[in-house]
1. For region A:250-379, compute the number of Lys pairs whose alpha carbons are separated by less than 23 Å, excluding pairs fewer than 8 positions apart on the same chain.
2. Taking each residue in A:86-95, count the Cβ atoms of any other chain within 10 Å of its Cβ, then average. What number comes out?
3. Percent antiparallel among DSSP beta bridges with both residues in chain A, to the nearest 5?
4. Hey, how many Å between the Cα centroid of region B:244-264 and the Cα centroid of region A:301-341?
5. Please give the peptides A:358-364, B:277-283 ranked by average Cβ packing (other Cβ atoms within 10 Å per residue), highest first, as a rough proxy for protection.
6. How about B:LYS413: which aspartates and glutamates have a C-alpha closer than 20 Å to its C-alpha, ignoring those fewer than 8 places off in the same chain?
7. Can you run phi through the Karplus equation (6.51, -1.76, 1.60; θ = phi - 60°) for region A:188-193 and list ³J(HN,Hα) in whole Hz, with x for Gly and Pro?
8. 5 Å is the cut-off here: which amide hydrogens, built 1.01 Å from N in the peptide plane, fall below it relative to B:LEU281, excluding neighbours closer than 5 in sequence?
2 protein chains.
Amino acid sequence: FCYDAWCGVAHGCTRKLGMKICGFLQKNNSLEERSRIVSSLKERTAKTLLSCDNIGGDARFRRTETDFSNLFARDLLPAKNGEEPTMQFLLEIVEILTSYIRKTFDRSTKVLDFHHPHQLLEGMEGFNLELSDQPESLEQILVDCRDTLKYGVRTGHPRFFNQLSTGLDIVGLAGEWLTSTANTNMFTYEIAPVFVLMEQLTLKKMREIIGWPNGEGDGIFSPGGAISNMYSVMIARYKFFPEVKTKGMAAAPRLILFTSEHSHYSIKKASAALGFGTENLILLNTDERGRVIPADLEAKVIAAKQKGYVPMYVNATAGTTVYGAFDPINEIADICEKYNMWLHVDGAWGGGLLMSRKHRYKLNGVQRANSVTWNPHKMMGVPLQCSAILVRERGLLQGCNSMCAGYLFQPDKQYDVTYDTGDKAIQCGRHVDIFKFWLMWKAKGTVGFEQHIDNCLDLSAYLYNKIKNREGFEMVFNEEPQHTNVCFWYIPPSLRSLPDGRERRERLHKVAPKIKAMMMESGTTMVGYQPQGDKVNFFRMVISNPAATRSDIDFLIEEIERLGHDL
Amino acid sequence: FCYDAWCGVAHGCTRKLGMKICGFLQKNNSLEERSRIVSSLKERTAKTLLSCDNIGGDARFRRTETDFSNLFARDLLPAKNGEEPTMQFLLEIVEILTSYIRKTFDRSTKVLDFHHPHQLLEGMEGFNLELSDQPESLEQILVDCRDTLKYGVRTGHPRFFNQLSTGLDIVGLAGEWLTSTANTNMFTYEIAPVFVLMEQLTLKKMREIIGWPNGEGDGIFSPGGAISNMYSVMIARYKFFPEVKTKGMAAAPRLILFTSEHSHYSIKKASAALGFGTENLILLNTDERGRVIPADLEAKVIAAKQKGYVPMYVNATAGTTVYGAFDPINEIADICEKYNMWLHVDGAWGGGLLMSRKHRYKLNGVQRANSVTWNPHKMMGVPLQCSAILVRERGLLQGCNSMCAGYLFQPDKQYDVTYDTGDKAIQCGRHVDIFKFWLMWKAKGTVGFEQHIDNCLDLSAYLYNKIKNREGFEMVFNEEPQHTNVCFWYIPPSLRSLPDGRERRERLHKVAPKIKAMMMESGTTMVGYQPQGDKVNFFRMVISNPAATRSDIDFLIEEIERLGHDL
């Protein structure tokens, strides 16, 4: 074995370190030294050669100095000899991603590097979005990946507060990487045995936490809260008017749905899509903090009945989108029972609080619901998409949606086909949304989710207490928020002396959009704003980001003041 | 610098190789040799130390021998000092995934290691699916990841033919890893600027390929073909009866939908969900090869009109699920124009053929459709989920679904808000399905997709020609298949002499399920079967897997013969 062979060994392990060693051997030693080193290395070389490629019993790949400019997608697996370029390409991708992840958690980086659509479309420094007939080299593909991340938004950044879904959970991310590698489909046990069982067990656990006896009932993961809410309306209709499935809405009387004026717009979308019509969705009045007034529900139910309509479905929101309000479920449930209506609880945002012994009382009565939407991808920090629709009565989901497609759901399979979930869904193919959630649950335990949720609520209390009496801040509603939503106006000094009235309102309406635009241009933080009812644009701060700390809350307040001071 | 420091350097680069070197130094050299080696290494050490952690200008992480049994999710980022464990954990995950990927493409591995639900639920060798209150160590999480893959199905295996979506595209996979790392949401440009533009450009490209002038029109990526088809029915209804959105189905006359008896069951699901009723979905007769007979459509349209109903929507399938049949779009379009009906083309499975100059004639007339479903996650090999609904007339999607939620879609944002896509969707949050597809398109070019599709169709022709006259095989329909679907019975020797009749049919019906069960138990390959109409269980071979070769087709045939010979 010669000295070049030893270099080869080093190359085989990690080319870069190998090259360092070789370079060192070549440049820094006399011939005598070289031969001595080489002879002393000789004995073990063969074994090292093996063990380098076979550490831990498994072949491991190391990143090497690969020239991707002459490699193309066609050179990757399943191409002949595609294994090495495939591994090098994936490791290079991982390098890009891990570098991005490190920066995401680094407060000295920007949340985003904002560009207008026309700027990105014109091509930023060679980042060309157009698709072409001919392939690009993998070198270009890697550049495109870097650019895609560069011009995107770091939703896991400790100062990203813009949506209900924020944060980047590492275990969840690992779960999602595995999910895409497994690349399968939830419709049958046959091709997703493990994932189907994980879904079943996790849904049961969620039903237990809701409080349904023995976790009985049914459910499915859907592509998001809006679809989950749509399921709830469909199932309710099937329960009361199963003939609609075959005969259409003509077979039912005029059906009325109820939801809060503060509820999520997906209930309205569902009423349009499913053929009820948005006019047959009655909006309920809320109190000052955005909670449904039960007496208003009952009055409107009675009014609908008097017109000869059939009140069928009530959505109670557990955690409204803007105010974070929890409707009083028990009082609504009483009315639903009295008038024989379906009670759905939209806990897309607030469902996570069920994991907290301290905060779950806000959903008191949820066990009386007929169905519940609960999005782990919001308050529980699971990567997008992960939403569940849970149903108390078993069989309705299947009854409502089954069409018995012979090509998928053969009764003569060799296993127990009741595990096939596809016919419960309005989808056919269904992405595996369960694994990342299951893995996070394993890794954190129920207590880990509880801690995360308690922390977020503590942080929002911290924010609320800090700004409620602070000069230049005005709360949209009084009292401590129920969820992590803190809604407030920032009043620039120039508006502080203005009397309440049209001018002040009009000027105040423009403040939040201006501050938000400056935030995005400077890339320092992101928080949402919107009007609500007769209230002009205000900030809605929400905290679901596990990376956020009090210092980030402080930063946000100061940043709003800094940007808004001269408006 | 001493010899221990050099060990430290080696550790810093890749701990395992470092340990080898250290071990070598410790065990195999006399003290004199050691000191000589060390002194000769000395000079360059400081530089090496730096360059190890800083190769290529960026800090790079190397996998080290990390003890995960004392690490928990709470030790990962954003935890203090969480960067090192986070990187080590992710690299370990990548090791698991790349090892899985290598095995996936290795024909000597099984496609699956089948277990019944009760076996997996009881816990396989410590693989416990139950969720607990307390966290598990990251060591256990890594074991769970390995087990999840172990007991799953390798959908990218060259001999996996079970579904319309098969194969594992490496660039697509990289795209999906990046997507989950970016973890954002498609509803606004604000938080998904790059992805929103990629979606827009890609949809335009798809519309150009369909043949709509200048690629004009609209569209959106949805969570699957069933939802895309549901969109088409909703949009058609909105076009003809926009008042249904507000007033419900009661505002419309009795509306009739038409689709082939061979079409996908999602059209039926949509008719149930959207309030039409499955009875108002009329099934059209097909010819022997599963293509709609246009005259039957016209007769049924006339019959419906005579009853006073309103024929509104026709679905033409481009590539049926079982036979792979293409309905004659032009002739159907003539009828749709004549009777003022919406024409939807469900190209979930067959749409990919538009990328092939050789095969796209099978969709002749598609440019006359009002809407088209096209799933890149099927024939184009994009990882699940990736489905597009494309609409010829601009504005309908928005009109049909918009609810103008103030908290998301503020008109006073600083950028051009027409780029916000959320209000077109029935979803609110929407997963980023575009990136992997865009990246694959960049990497392969249009020609790369074309090649893949032509190859798959060549392979299916190879299969067809090989078995059409082979003893023991019987084709379900004659002539070369239009798509990659090859439908056939295997007739075991014991049935070959039986006369056609009830006994033979009953026995033949059981053959495919038995062979399939044995395939799954032995894990060698997977192919689907089903009955269709009055035809007893037959195999449906489909080829979308880029890893499949003629040898895999040969293997499948021989495997069926081997397993079925003695039935």
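The values are calculated or read from the model by the stated rules, or taken from the named source; none is laboratory data. Predicted model, so just to flag it, every value in this text is computed and none were measured. No Cβ is skipped: glycine too gets one built from the backbone with ideal geometry, and neighbour counts run over all protein chains shown. The protein model used for the area step is the full one, side chains on, heavy atoms only, and it has no ligands, DNA or RNA in it. Shrake-Rupley method; radii C 1.70, N 1.55, O 1.52, S 1.80 Å.
1. Step by step, the pairs that qualify in region A:250-379 add up to 12.
2. 6
3. Around 55 percent antiparallel, to the nearest 5.
4. Result: 29 Å between the Cα centres.
5. Final packing ranking: B:277-283, A:358-364.
6. A:ASP113, A:GLU506, A:GLU521, A:ASP534, A:GLU559, A:GLU561, A:ASP566, B:GLU190, B:ASP423
7. So the Karplus estimates, Gly and Pro as x, are 9, 4, 3, 10, 9, x Hz.
8. B:LEU257
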